[in-house]
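Structure, as structure tokens:
The values are calculated or read from the model by the stated rules, or taken from the named source; none is laboratory data. Only a predicted model underlies this, so the values are computations on that prediction, with no experimental measurement involved. Neighbour counts are summed over all protein chains in view; Cβ atoms, including those assigned to glycine, are modelled from backbone coordinates with ideal geometry. Ligands, DNA and RNA are stripped out before the accessible areas are found, and what is left, the full protein with its side chains, is counted by its heavy atoms. Shrake-Rupley method; radii C 1.70, N 1.55, O 1.52, S 1.80 Å.
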Amino acid sequence: MPAPTRKTIIAEQHIEKAIQDMPFYVIDYIRAKKRASLSPRTLSGYLHDFKRFFDWLRQEGFTTAESNAEVPFTVLESLKKKDIEMFIEMLMEEKILKSEGVYVKRSRDSTTRFIQSLKSLFNYLTQESENDEGECYFYRNVMAKIKSPKNTESAATRSKRISANMLNGNERENFLDFVRHDYIKTLTPRQVAWFERDQLRDIAILSLLLGSGARVDETAGLLITDLDMVHGDIRALRKGNKLDTVSVTETAMIDVKNYLSERERLYKPDPKNLYLFLTKYRGKANPITVETIEKIVKKYTMAFTNGRQMSPHKMRHSFAKGFIDSGGSLIALRDQLGHNSIETTALYTNLSQEEQRAILRRMDSSTVNEEE
């Protein structure tokens, strides 16, 4: 089974520390969501939001509790819609320190996450919790009256934005060929040795991302035992800790095999270290981190595009676009990407439809020219 990534482990550690300063009913919520397999990274983010919310309740005088852990659930029960709206307005106006001396306003997505996290907590307290009498802690759910900010970006606009930073068509193959044969030409003699050691690993990672649509944390957590060389599949730990089988292109699996044949020689790992992708630090082989994969993708894409950096998530977009363009169905792509909703997957139809519209415009233009 794929192992947890470093980010997941850090999230789990944050959860254990953060709940010590939370009321008992929030601890109940966290335990319930753990049993429901909500990801540690999601719960860690929610706890960050809860802390800001309880801090605000105490600062604004909604409770006389001296600590967040002492805030009674009756405070949440008595909150009015206007109180929550005041909290949301505060979030939208709050200045966030981005770097030394530089402050920015909170993004719409960040504010939306606060609303979603509080909705999740209030839903649990009013529908799923249970006191000694078998009743919920309370039943008045003020968050049910709060709507998340609407996404004003149209599907076409979002498709255009995403398409502007993807590898399309032959670019995917050309990019991998560049890493195999031409990237070395951009390096200094001192950089060449490091590149030659990691080249097979880096190609395998990039090829796997482009040949499966796997998420970056799924890729970082892969073990050697998660590879099915016979059928060309990998076992990935999806969101919600769901174990899934992900198909991989033949080309990507060949690149993984090539790396695997040299993995022990290049990194000399402990025999008990079954992580597929490794890094070497102070002579010791360690599991690769999500951050390292992000740096790998950024480094090679910037060199390939002369400065236009990409992320592992853009690799995922690139795979999805190629899957649809090659005739794959939305249902098959949903399962391949591990989406919970077909609506999320439908984004890639919009990407392909834009190309279809361009073809129709060229057809119209051609017809007009013939008539003239």
- Filter result (more than 16 Å from Leu118 (Cβ to Cβ), open to solvent by 50 Å² or more (accessible area, probe 1.4 Å) and of a type in the set (A, V, I, L, M)) within region 13-57: Ala36
- Task: Could you tell me whether any residue of region 33-42 is under 21 Å from Phe138 (Cα atoms) and not aromatic (Phe, Trp, Tyr)?
- Result: yes
- Quick one: which of Met92, Met86 is in contact with a strand residue (DSSP E or B) (Cβ under 8 Å, 6 or more places away or on another chain), part of a helix (DSSP H, G or I) and surrounded by 11 or more Cβ atoms within 10 Å (Cβ to Cβ)? Met92
- Note on the structure: Those residues of region 107-137 that are surrounded by fewer than 15 Cβ atoms within 10 Å (Cβ to Cβ) and under 18 Å from Arg58 (Cα atoms) come to a total of 0
- Query: Going by the conditions given, is Val104 over 27 Å from Val216 (Cα atoms), part of a helix (DSSP H, G or I) and either of a type outside the set (Asp, Glu) or open to solvent by 20 Å² or more (accessible area, probe 1.4 Å) (or both)?
  - Reply: no
- Note: among Thr305, Thr301, just one is open to solvent by less than 50 Å² (accessible area, probe 1.4 Å), within 15 Å of Tyr183 (Cβ to Cβ), modelled with pLDDT under 90 and under 24 Å from the mean Cα position of the chain (by Cα), namely Thr305
